[in-house]
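What follows is a single structure, written as structure tokens, with notes after it.
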Amino acid sequence: MIEVRDLVKRYGDTTAVDHLSFAVEPGRITGFLGPNGAGKSTTMRLILGLDRPSSGSALIDGLPYRDLRDPLRYVGALLEARAVHGGRSAFNHLLYLAQTQGVPKRRVSEVLELVGLSGVAKKRTKGFSLGMGQRLGIAAALLGDPKILILDEPVNGLDPEGVLWVRQLLKALAGEGRTIFVSSHLMNEMAVTADHLIVIGRGKLQADMPVGQFIAQFSDTAVLVRTPEAEALRAAAGERGWTVADTDLDGALIVTGSTAPEIGELAAARGLVLHELTPQRASLEEAYMELTRETGEFAHRPAPAWGGADGRA
């Protein structure tokens, strides 16, 4: 279990992490989301003891990372996949890590096979593609067979097959009762991978809840409606304070701020004919954008004026 308690990290006058508290439970995949500059990478570095907090604490099963015995066997981490000596082979890179923690040599071959790099195990890593580098970083995180995984953008650079492989791997590890903490900017992938979400913005906690609850709480309900009496329905919905918008779907309407049963009951009360009444499921991306609209790195910043002083290109 990972516990972050009132964590603060300042760099001069800049507060990167601002009184942040949350817990990452075992047995599920916890997604860590936030705009660029939100403090995600800094938080992960604080958990792993790579930075010192200004105040507060980050604990792993009640202990700071530095106090863990055999930390590679306890916590596997991927923060920067390209942080590898380019002159070493993939095998020797992992062997070096294994020897520092008493991990048997056979485990190196096992994880290389697991991530699909056995065929290039003896090649120098400086020639690796971005996707191969990501796979090697994941192999390093898995080397000690840890009970906790902390992964920063693990699918970056992977092809669709690789993305699916990572998803299935994380689900399998969580199913074994391990603690999985993973950050990503890919909302569609988080929607099908994560069980729980922690969202931060400008160093502050914005949300800490299951994925389904997050989508429901931070997105408007919407219903697709088809009716030959569109204007009458529009007027009736307006009286209830609902929003009605046209679509490109052969005259269909989108009604927000209501539910399908409420719209059906209103239509019945007014004697309006309905041909279709279909709830529209909001996406994680829509909910995330709604929540973080005001906390992004570039929120409220004016667009640059391209060209010369007269504004011409």
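Filter the stretch 63-93 for residues that are outside any loop (DSSP other than H, G, I, E, B) and among the aliphatic types (A, V, I, L, M); which is surrounded by the most Cβ atoms within 10 Å (Cβ to Cβ)? If we take residues in the stretch 63-93 being outside any loop (DSSP other than H, G, I, E, B) and among the aliphatic types (A, V, I, L, M), then A90 is surrounded by the most Cβ atoms within 10 Å (Cβ to Cβ).
Taken together, the residues in the stretch 24-62 that are at pLDDT 95 or above, more than 22 Å from L169 (Cα to Cα), among the aliphatic types (A, V, I, L, M) and in contact with a Lys or Arg (Cβ under 9 Å, 6 or more places away or on another chain) amount to 3. Where strands (runs of 3 or more DSSP E) sit wholly within the stretch 208-278, those with at least 1 residues that are among the small types (G, A, S) occupy 222-226, 243-246. Look at the stretch 157-169: where a residue is assigned to a helix (DSSP H, G or I) and a partner is surrounded by fewer than 17 Cβ atoms within 10 Å (Cβ to Cβ) and not hydroxyl-bearing (S, T, Y), sitting 6+ places away or on another chain with Cβ atoms under 7 Å, you get R167/V192. When residues in the stretch 241-259 are screened for being free of Cβ contacts under 8 Å to residues at least 24 places away in the same chain and of a type outside the set (D, E), 6 of them pass.
With respect to the conditions (1) without any contact (Cβ under 8 Å) to a residue 60 or more places away in the chain; (2) within 20 Å of Y65 (Cα to Cα), G119 lacks only one, and its number is (2).
Reported count of residues in the stretch 1-23, each being modelled with pLDDT of 95 or more, acidic (D, E) and either within 17 Å of the chain's Cα centre (by Cα) or outside any strand (DSSP E or B) (or both), is 0.
The values are calculated or read from the model by the stated rules, or taken from the named source; none is laboratory data. Please read all numbers here as calculations on a predicted model, not as lab measurements. In this analysis, Cβ positions are derived from the backbone assuming ideal geometry, glycine residues included, and neighbour counts consider all displayed protein chains.
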